[in-house]
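Trainee: Below you'll find the structure I mean.
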Amino acid sequence: MSDDKTFHLAITMAGAISAGAYTAGVIDYLFEVLEKWEKMKNDEQFKDLVPRHKVVIEVMSGASAGGMTACIASLAVQRKLRPIAAYHPKEASYDDVSDAELKERKEENRLYNSWVNLTADDMIPQLLKTDDLTDVTKSTERTFISGLNSRFIKRIANKTLILSTQEPLEWPSFVSPHLRTFVTLTNLDGFKKETKFAGASSGFFTYDHRDVAFFSFDHVDSSPFDGSIDVDFNDETENGNTDLFVTAGMATGAFPVGLAYRTFSRHKKYVENNILLTKLNDGKKIILSSNDVIERSQYKATFIDGGTIDNEPFELTEYLLKTRVNASGQEFVTKTPESFNSTVLMVDPFPSEERERIRYNRTESPFSVIGAIARLFSTVRTQSLLKREDLEKVVSKRDSSCFMISPRRREAGYDPIDGSLAIACGSLNGFGGFLDKDFRKHDFYLGRINCKSFLQKHFSISHSEAKENPIFAESYGESDKNQKIRDLFRSEVLDNEGNVIESNFPIIPDVNLIDDKLQGREINDLYFALQFPTLSEAVFRSRFRKYEKGIKTRLKMIIQSNIKDYSSVSFYAGFGLLFGGGKAVSEILNYIINELKRWKIIRSDQV
């Protein structure tokens, strides 16, 4: 197939905390469809029924949980794909996979295993364990401690991002052999910038805390070198860079204060020649000073969650996609559907939503100390969201540079529920998924269903545009040989009176639609078979009582491990936790229950 029939795709994944389960489901279905489509093109039974153009993934990127998913997907796609093709494990099976095979798939599927299985069904006891604090109390150094025990992240990363045995890896035909993956980071050191003002006795210094870890997997330096770090999953030595890849994946998800920060080193060439950092630095290379570099030309820094500063890295992703398309010898075209050959697909479990305004009372402060900190995190995250001009690209019918998948849940007889309220893991500001595996399981399957709906109904090009676009004309043009393809994959846009006003065709054809039509199956059937998880308030209160000791113990040990001189501050802090902690824990319980009620996880009839 000639290059002009290839459509270039970048996938960027926004921060989500435990709602990474939703993003994982989206990517699992996307990979399944792309792989099946490529196989059908070479199958005599189907080759005349499926579109002939090609879609190739050039870039995967993300922030926080989205960045972790981008890293997992970069390895998963190089091995045999085992999609989780059953939408609801107990009721509606999408295919004929047996229970035994489905269980095996869930253990082998890196996306499912990392985000749904985690390391326990209920993660709260592990998050409250104090073994990480015990190690620090034995240290002679005063060390920052995360609010939650983060050791499970390392266990998942080692299980998911490191091969247990050496094995041949290969790229499927829908992924570029020169794939680039990057994750955003918040660099607590920052890159120093000096501005010298005329007449000033000293320079004016600012620090840019935006950073990215940038990876490639083809074991060949680009020419010119783009600053990507080559990763060889079969090389356990330092040259394979797998430890760096794993640590960067954990660093992008190091939610501030809640989860542990990460520190790692990389050769200075991966900073100074990194084209993404150059892009962030207004086109100028970052030059590290001698004070920034340690032995062996290593640059060492400490990092927290990439979503703190750049939660939806659309701009960088589009820029990198452009460099990859141009490197293949093609012109990068994104704007108009009649001619575009590339786009960015964004997966965002928490699309920006209207939030409640701060309420003011003349006699009361609007916030407690804790409330102010929580609002600060919310403010920083909101400020880091997609720029308005980028958002307008997503919604514009004439700008094809970006498309977005976000949660939508349907229940028979009710209006659709959109955004974070559609996913169980959206509760508790994204930490809800740690409460129950059923929350994560639901969101994974919802991600798959949303991706299916998106491919069939939204990620499309109109018939008139497809006839003009050289990539899609051979698949959807007017010739008789395309009639079966058009009949199978056409989606129709209707006016208020039910008249067809436009026919659309998919950029990525959901080839499962062929079997769906034979079985008379519709997407809504899958939505309605997927039951939203619920809990009894009484059951949850009983479960929470088991957390109480862990909460008090962890809070007390966090203070003691950071204030070791047993000063009056340490004494009163410990005293307050021991004798006043009951009220604090009660307030935590009430907050959680109110949030779960807002999400309809705890319903009023389940008390």
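The values are calculated or read from the model by the stated rules, or taken from the named source; none is laboratory data. Please read all numbers here as calculations on a predicted model, not as lab measurements. Note that we place each Cβ from the backbone using ideal geometry, even for glycine, and neighbour counts take in every protein chain shown. Heavy atoms of the whole protein, side chains included, go into the accessibility calculation; ligands, DNA and RNA do not. Shrake-Rupley method; radii C 1.70, N 1.55, O 1.52, S 1.80 Å.
Trainee: Only residues in segment 440-461 that are among the acidic types (Asp, Glu) count as the first member; pair them with residues that are open to solvent by less than 10 Å² (accessible area, probe 1.4 Å), Cβ under 6 angstrom, at least 6 apart or cross-chain, and list the lot.
Mentor: Note: pairs meeting the criteria are Asp443/Ala21; Asp443/Tyr22; Asp443/Ile423; Asp443/Ala424; Asp443/Cys425.
Trainee: So how many residues does segment 29-51 have that are under 27 Å from Val347 (Cβ atoms), charged (D, E, K, R) and open to solvent by 10 Å² or more (accessible area, probe 1.4 Å)? Break it down stepwise before answering.
Mentor: Narrowing segment 29-51 to residues under 27 Å from Val347 (Cβ atoms): 29-41, 50-51.
Next, from what is left, pick out any that are charged (D, E, K, R): 32, 35-36, 38-39, 41.
Narrowing the set further to residues that are open to solvent by 10 Å² or more (accessible area, probe 1.4 Å) leaves 35-36, 38-39, 41.
Total satisfying the criteria: 5.
Trainee: Here's something else I'd like to know. Residue check, Asn496 against (1) open to solvent by 80 Å² or more (accessible area, probe 1.4 Å); (2) under 17 Å from Ile27 (Cα atoms), all met but one. Which one?
Mentor: Going through the list (1) open to solvent by 80 Å² or more (accessible area, probe 1.4 Å); (2) under 17 Å from Ile27 (Cα atoms), Asn496 breaks only (2).
Trainee: Which condition from (1) touching a residue at least 40 places away in the same chain (Cβ under 8 Å); (2) of a type in the set (Phe, Trp, Tyr); (3) surrounded by fewer than 18 Cβ atoms within 10 Å (Cβ to Cβ) is the one that Tyr414 breaks?
Mentor: (1)
Trainee: I've got another one for you. Keeping to segment 1-27, report how many residues are farther than 20 Å from Pro351 by Cβ, touching a residue at least 40 places away in the same chain (Cβ under 8 Å) and not in a strand (DSSP E or B).
Mentor: 4
Trainee: While we're looking at this one, here's another question. If you scan segment 443-468, which residues turn out to be under 21 Å from Glu492 (Cβ atoms) and among the basic types (Lys, Arg)?
Mentor: The answer is Lys452, Lys457, Lys467.
Trainee: What's the number of the only condition in (1) open to solvent by less than 40 Å² (accessible area, probe 1.4 Å); (2) aliphatic (A, V, I, L, M); (3) within 30 Å of Leu127 (Cβ to Cβ); (4) out of contact with any helix residue (DSSP H, G or I) (no Cβ under 6 Å at 6 or more places or on another chain) that Val257 fails to meet?
Mentor: (1)
Trainee: Scan segment 52-71 residue by residue and report those that are open to solvent by 10 Å² or more (accessible area, probe 1.4 Å) and part of a helix (DSSP H, G or I).
Mentor: If the condition is that a residue be open to solvent by 10 Å² or more (accessible area, probe 1.4 Å) and part of a helix (DSSP H, G or I), then Met68 is the only one that fits.
Trainee: Okay, next question. With respect to Phe233, determine if the residue is within 21 Å of Gly67 (Cβ to Cβ) and under 20 Å from the mean Cα position of the chain (by Cα).
Mentor: So Phe233 does not fit the description; no.
Trainee: Let me ask something additional. Can you say whether Ile593 is in contact with a strand residue (DSSP E or B) (Cβ under 8 Å, 6 or more places away or on another chain) and at pLDDT 70 or above, as far as the supplied structure shows?
Mentor: Working: in contact with a strand residue (DSSP E or B) (Cβ under 8 Å, 6 or more places away or on another chain): yes; at pLDDT 70 or above: yes.
When the stated conditions are applied, Ile593 passes them.
Trainee: Within segment 95-131, work out how many residues are among the acidic types (Asp, Glu) and part of a loop (DSSP other than H, G, I, E, B).
Mentor: We begin by selecting, within segment 95-131, every residue among the acidic types (Asp, Glu); these are 95-96, 99, 101, 104, 107-108, 121-122, 131.
Of the ones still in play, those that are also part of a loop (DSSP other than H, G, I, E, B) are 95-96, 121-122.
Number satisfying all stated conditions: 4.
Trainee: Gly307: open to solvent by less than 40 Å² (accessible area, probe 1.4 Å) and either within 30 Å of Ser400 (Cβ to Cβ) or modelled with pLDDT of 95 or more (or both), yes or no?
Mentor: On the way: open to solvent by less than 40 Å² (accessible area, probe 1.4 Å): yes; either within 30 Å of Ser400 (Cβ to Cβ) or modelled with pLDDT of 95 or more (or both): yes.
The answer is yes for Gly307.
Trainee: Same structure again: Being of a type in the set (A, V, I, L, M), in a loop (DSSP other than H, G, I, E, B), modelled with pLDDT of 80 or more and touching a helix residue (DSSP H, G or I) at 6+ places or on another chain (Cβ under 7 Å) narrows it down to one residue among Ile508, Ile551; which is it? Lay out the reasoning, then the answer.
Mentor: Numbers: Ile551 fails: in a loop (DSSP other than H, G, I, E, B).
Result: Ile508 is the single residue among Ile508, Ile551 that is of a type in the set (A, V, I, L, M), in a loop (DSSP other than H, G, I, E, B), modelled with pLDDT of 80 or more and touching a helix residue (DSSP H, G or I) at 6+ places or on another chain (Cβ under 7 Å).
Trainee: Take Leu488 and decide whether it is open to solvent by less than 10 Å² (accessible area, probe 1.4 Å), within 30 Å of Ala24 (Cα to Cα) and at pLDDT 90 or above.
Mentor: On the way: open to solvent by less than 10 Å² (accessible area, probe 1.4 Å): no; within 30 Å of Ala24 (Cα to Cα): yes; at pLDDT 90 or above: yes.
So Leu488 does not fit the description; no.
Trainee: When the residues of segment 151-173 are filtered to those that are closer than 22 Å to Leu128 by Cα and open to solvent by less than 80 Å² (accessible area, probe 1.4 Å), which remaining residue is modelled with the lowest pLDDT?
Mentor: Per the stated criteria, the residue is Asn158.
Trainee: Can you tell me how many residues within segment 277-303 are part of a strand (DSSP E or B), closer than 15 Å to His209 by Cα and open to solvent by 30 Å² or more (accessible area, probe 1.4 Å)?
Mentor: Residues of segment 277-303 part of a strand (DSSP E or B): 293-294, 298-303.
Add one more test, that the residue is closer than 15 Å to His209 by Cα, and what stays is 299-303.
From what's left, open to solvent by 30 Å² or more (accessible area, probe 1.4 Å): 300, 302.
Selection size over segment 277-303: 2.
Trainee: Looking at (1) farther than 19 Å from Met60 by Cβ; (2) open to solvent by less than 10 Å² (accessible area, probe 1.4 Å), can you tell me which one Asn274 breaks?
Mentor: Exception for Asn274: condition (1).
Trainee: Restricting to segment 469-487, give me the number of residues that are in contact with a Pro (Cβ under 8 Å, 6 or more places away or on another chain) and assigned to a helix (DSSP H, G or I).
Mentor: Adding up the residues that qualify gives 3.
Trainee: Another one. Which of the numbered conditions does Tyr319 fail, given that it passes all the others? Conditions: (1) modelled with pLDDT of 95 or more; (2) closer than 17 Å to Arg210 by Cα; (3) not in a helix (DSSP H, G or I).
Mentor: (3)
Trainee: If you don't mind, there's one more thing I want to ask. Any idea which of Ile304, Ile287, Ile294 is among the β-branched types (Val, Ile, Thr) and under 29 Å from Thr160 (Cβ atoms)? If you could, list the steps in order and put the result at the bottom.
Mentor: On the way: Ile287 fails: under 29 Å from Thr160 (Cβ atoms); Ile294 fails: under 29 Å from Thr160 (Cβ atoms).
Every option except Ile304 fails the conditions.
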